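Each reported figure results from applying straightforward, stated rules to the coordinates on display, with no laboratory input. It should be emphasised that the depicted structure is a prediction, and the values quoted were computed from it without experimental measurement. Cβ placement follows ideal geometry from the backbone for every residue including glycine, while neighbour counts extend to all protein chains displayed.
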Amino acid sequence: MSDRATVSDRAERSGVPAAPATRTAAVIPAAGRGVRLGPGVPKALRALGGTPMLVRAVRAMTASRAVSLVVVVAPPDGEAEVRSLLDEFPLAGDRTEVVVVPGGATRQESVGLGLKALPDDVGIVLVHDAARPLVPVDTVDSVVAAVRAGHPAVVPALPLADTVKRVAPRDGADATAPETVTGTPERALLRAVQTPQGFDRRTLDAAHAEFGKAVGEGATDDAGMVERLGVPVVVVPGHEEAFKVTRPLDLVLAEAVIARRRANDGF
Ligand code: C5P
């Protein structure tokens, strides 16, 4: 992991001052079961390279000098487990405050519960999936810098490698039948969106107040709710290491990234 001086130098180079006028907090929704990863403990509590995914996600946020508070949204029945995990893997020498609150049935509800736990002096909020434990600090800092530059909603994103097709809803049809393609969006205009997504706090609060009532699975990202408010959302470059650990193959990739970092850090 980068040492403090390196992080600080990088933060200053990217225009993120060490002592902001209003505080920046990160909300980490970590209440999902992660069923696509297979059976076992909740996804965020699984270890990667010996350290739980959630601990890595928290460290990824505290690595940014801009972030002074992290709110972890735990599975509703897993609050105590998350607290003891964070005690077991402390954020060595870090001055960032970390609090744990219970989550909800959907990601959207979990983020809403995290926002309610923020103190009044927080002006900028990052929302970061626990399932993206390897996001580099430079990506976090560039999201914060864009919000500080006046953009109310900022998402890190990458161009797509695959062509994307739209398909017709099945509407009760045979789930094994081939699907009908209804369109091919122009790939050059598509972006795969990552986290942390950064927001002016009042804008995100307004989006959750307006659209926070989760329907079905709820919103898959927070910027989508802000778009529905009619507020502009901008994209900054994401990073390939900010991928979401969703399927078993992603665990293999994450272990490989960690091994490469260890080799590069000289461990
Ligand atoms: O399921 P998915 O991978 O999209 O979840 C993204 C993030 O939202 C994960 O970090 C997961 O823990 C979190 N989540 C949550 N509460 C839920 C469902 C998902 O905090 N009820």
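Report ³J(HN,Hα) in whole Hz for each residue of region 183-192, in order, from the Karplus equation J = 6.51 cos²θ - 1.76 cosθ + 1.60 where θ = phi - 60°; Gly and Pro get x.
x, 10, x, 5, 4, 4, 9, 9, 9, 8
What ranking do 56-66, 220-230, 246-256, 146-156 get when scored by the average of other Cβ atoms within 10 Å per residue, highest first?
My ranking of the peptides, most packed first, is 56-66, 146-156, 220-230, 246-256.
For LYS213, list the lysines whose Cα falls under 26 Å from its own Cα; do not include residues on the same chain fewer than 8 positions away.
LYS43, LYS116, LYS244
Students often forget the sequence filter, so: which aspartates and glutamates lie under 14 Å Cα-Cα from LYS165 once same-chain residues fewer than 8 apart are removed?
Partners found: GLU179, GLU186.
Name the most mobile residue of PRO39, PRO232, PRO133, meaning the one with the largest mean-square fluctuation, in a Gaussian network model of the chain with Cα contacts below 10 Å.
PRO39
What angle, in degrees between 0 and 90 and rounded to the nearest 10, separates the Cα long axis of helix 201-211 from the longest principal axis of the Cα atoms of the chain?
Helix 201-211 sits at roughly 30 degrees to that axis.
May I ask for the net charge around VAL111, where only other residues with Cβ less than 12 Å from the Cβ of VAL111 are counted and Lys, Arg are +1 while Asp, Glu are -1?
-3
Report, in deg cm²/dmol and to the nearest 500, the calculated mean residue ellipticity at 222 nm for the chain, where each DSSP H run with n ≥ 4 adds -39500 (n - 2.57) and the sum is divided by the residue count.
The helix-only estimate for the chain comes to -10000 deg cm²/dmol at 222 nm.
In degrees from 0 to 90, rounded to the nearest 10, what is the angle of the helix 4-13 Cα long axis to the longest principal axis of the chain?
70
Compute the long axis of helix 79-88 from its Cα atoms, compare it with the longest principal axis of the Cα atoms of the chain, and write down the angle in degrees, 0 to 90, nearest 10.
Here the helix axis deviates by roughly 40 degrees.
Per the Cauchy relation, a quarter of the hull surface: what is the mean projected area of the convex hull of the alpha carbons in the chain, in nm²?
Averaged projected area of the chain's Cα convex hull equals 15.5 nm².
State the Cα centre-to-centre distance between region 115-134 and region 21-94 in whole Å.
Result: 11 Å between the Cα centres.
What are the radius of gyration and Dmax of region 186-267, computed over its Cα atoms and given in Å?
In order Rg, Dmax, the Cα atoms of region 186-267 give 16.9, 49 Å.
Could you state the orientation-averaged shadow area of the convex hull built on the Cα atoms of region 42-148, in nm² to one decimal?
Mean shadow area of the hull around the Cα atoms is 6.7 nm².
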